[in-house]
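See below for the structure under consideration.
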Amino acid sequence: MKKTTYFILLLLSIIGVSCSSSSNERTFDTSKLTRATVEETDKIVEAFILAEDSAVIDIPAGFYEFQTQLILDNKSNITIKGAGMEQTVLSFKNLTTGGEGIKLVGNNLTIQDLTVEDAPGDGVKAQHVDGITFRRINVTWTNGDKSKNGTYAIYPVQCKNVMIDEVIASHSRDAGIYVGQSENIIVKNSLAFGNVAGIEIENCDNAEVFGNVARDNAGGILVFNLPGLPKADGAKTKIYDNDIIENNHENFATAIGEGPNGNTVTMIPPGSGVILLAAKEVEIYNNRILRNKTTGIGIASYHITGFPAEAPNWSPYTSDIYIHDNEYDRTKGFPDLTRELGQLISVYNAHGKAKTQDIIYDGILDESISKDILTNPMRICLAEKNMADLYFTRFSLMNGEDNIEGFSDASPFQNCEVRVQTNVDVLAER
């Protein structure tokens, strides 16, 4: 995919020549930026409060330290614009009230060319917005103890017409780029690293994720449908032309039951390239899925979590999946053993203990359709060019923990395709 020369150079400067650990990595050196005065900082707060429809909020170069949130409430056609990701930095390290650093509500909103650091909750949250663009923004945390970082870096939820382009998201204790309960979505040309999940599409309709780099997260790219949310099942996601590389980072998410922010991503084993959980109509192709130590792609029903799997207008099963024309490399370490899914893959895979897998399928099916997994009732379709050389395991988990088996035969899931049709033309002008 085409990117601006500026962003390519910036991306390369951040990634460097190797994919080493990001535990102490900062995206920019902000120490040389001019510190904004209290008056200059208050002027930005006032600009958000007093903004009228169609306004442009310009934030000049400098390092701004806020003690309050920046909130844009029910406004339309607003552009929030800094002088560049490495020039305009908004720090919320001293925030004592609220959660998000920036919260946006309204229609046709754009935020671009700035960095957000150290929000106590989410970095930039957009909610109930029809038409939201995140472009060339960097959201990160500078804490050493990542369990105390904010939950999401870039967080549009319950939105329509979402464009995320040339952004950088790092060090969140859930997902760096998270789009939830939304529809009509593009995530492109972006970098997510050092998060628990790099990019997550959750309970969403009509999404395309392409041209991104997801590396050094616990999980690279996730497509989830979770129960009990205002928007139930989502469908139609295309994931293509991404670099999903060495997502072997520690999973530092808050475990369910250990705090108010615990959630399902705590179960993702480090070393997961792509994970589908109760996902519907997903096409994954032309990606480079390299050196993820546990599995390249995992296909799973929500039943595998062990949590209650019933909710109105929602199905726990993953179905209508088409995986084809991807590149794999499994030459990075051994499967993770800190999470149950990683233990399952390590012990019960069909290629010998402690073997990294390219594709795994939990084999849990909707028995109201068929009780025979070999009829492929969930329409899982695999068409990789070198399928015979890949490590594929389909697990048998329907007969209890004492009867788990792993099978390498992928033939029931070949010779079929599920072309996912998306339409994101409405975002072409954003």
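Note that region 425-430 has calculated 3J(HN,Hα) couplings of 4, 4, 8, 4, 8, 7 Hz, one per residue in order, obtained from phi through the Karplus relation 6.51 cos²θ - 1.76 cosθ + 1.60 (θ = phi - 60°); glycine and proline are x. For residue 422, what charge total do you get from the other residues with a beta carbon under 11 Å from its beta carbon, if Lys and Arg give +1 and Asp and Glu give -1? Spelling it out: positives minus negatives among the neighbours equals -3.
Here the contact order of the chain, divided by its residue count and restricted to Cα pairs under 8 Å and six or more residues apart, works out to 9 percent. Rounded to the nearest whole Hz, the Karplus-based 3J(HN,Hα) values (6.51 cos²θ - 1.76 cosθ + 1.60, θ = phi - 60°) of region 329-342 follow the sequence 8, 9, 8, 9, x, 10, x, 5, 10, 7, 10, 4, 5, x, with x at glycine and proline. Within 10 Å, Cβ to Cβ, of residue 116, how many net charges do the neighbouring residues add up to if Lys/Arg are +1 and Asp/Glu are -1? Result for the neighbourhood of residue 116: -4.
Springs join every pair of Cα atoms under 10 Å in this Gaussian network model of the chain, and among 403, 286, 149 the largest mean-square fluctuation is at 403.
Taking amide H positions as modeled 1.01 Å from N, with prolines and chain starts lacking one, the residues under 5 Å from residue 75 and 5 or more places away or on another chain are 105, 106, 107.
Relative to the current alpha-carbon distance between residue 142 and residue 38, full extension at 0.36 nm per residue lengthens the span by 35.2 nm. With respect to the chain, whose longest principal axis is taken over its alpha-carbon atoms, helix 38-50 is tilted by about 70°. Neighbours of residue 275 by Cβ distance under 13 Å: Lys/Arg scored +1, Asp/Glu scored -1, total -3.
Helical runs (DSSP H, four residues minimum) scored at -39500 (n - 2.57) apiece and divided by the length of the chain put the mean residue ellipticity at 222 nm at -2500 deg cm²/dmol. Comparing 359, 49, 201 in a Gaussian network model of the chain where C-alpha atoms under 10 Å apart are linked, the largest mean-square fluctuation is found at 49. Between residue 402 and residue 313, the FRET efficiency from the beta-carbon distance, with R0 = 35 Å, is close to 0.50. Using every pair of separate Cα atoms, the Kirkwood estimate puts the hydrodynamic radius of region 233-312 at 14.1 angstrom. Length gained on full extension, residue 421 to residue 79: 120.0 nm, using 0.36 nm per residue less the C-alpha separation.
The ellipsoid that matches the Cα gyration tensor of the chain has semi-axes, each √(5λ) in whole angstrom, of 38, 22, 19, with the longest given first.
Remark: for residue pairs 293/353; 146/355; 32/103, the C-alpha separation exceeds 19 Å in 146/355; 32/103.
For the chain, a Gaussian network of Cα nodes joined below 10 Å ranks 389, 409, 362 by mean-square fluctuation, and the top entry is 389. Counting only alpha carbon atoms, the long axis of helix 5-15 and the longest principal axis of the chain meet at about 70°.
Taking amide hydrogens as placed 1.01 Å from N in the peptide plane, the amide H of residue 62 sits under 5 Å from those of 88, 89, each at least 5 positions away in sequence or on another chain. Projecting the Cα atoms of 126, 333, 279 onto the charge dipole of the chain, computed from C-beta unit charges around the Cα centre, puts 333 farthest toward the positive end. When DSSP beta bridges are restricted to pairs lying wholly in region 141-427, around 5% turn out antiparallel.
Listed peptides 315-321, 269-275 appear in the order 269-275, 315-321 once ranked by packing, highest mean of other Cβ atoms within 10 Å at the front. A simple rule links phi to the HN-Hα coupling: the Karplus curve 6.51 cos²θ - 1.76 cosθ + 1.60 with θ = phi - 60°, which for region 383-394 gives 9, 6, 5, 10, 3, 5, 9, 7, 8, 10, 10, 9 Hz, with x for Gly and Pro.
Coordinate-derived values only; no laboratory data. Given the structure is predicted, the values throughout are model-derived calculations rather than measurements. As a convention, Cβ positions derive from the backbone with ideal geometry for all residues, glycine included, and neighbour counts pool all protein chains shown.
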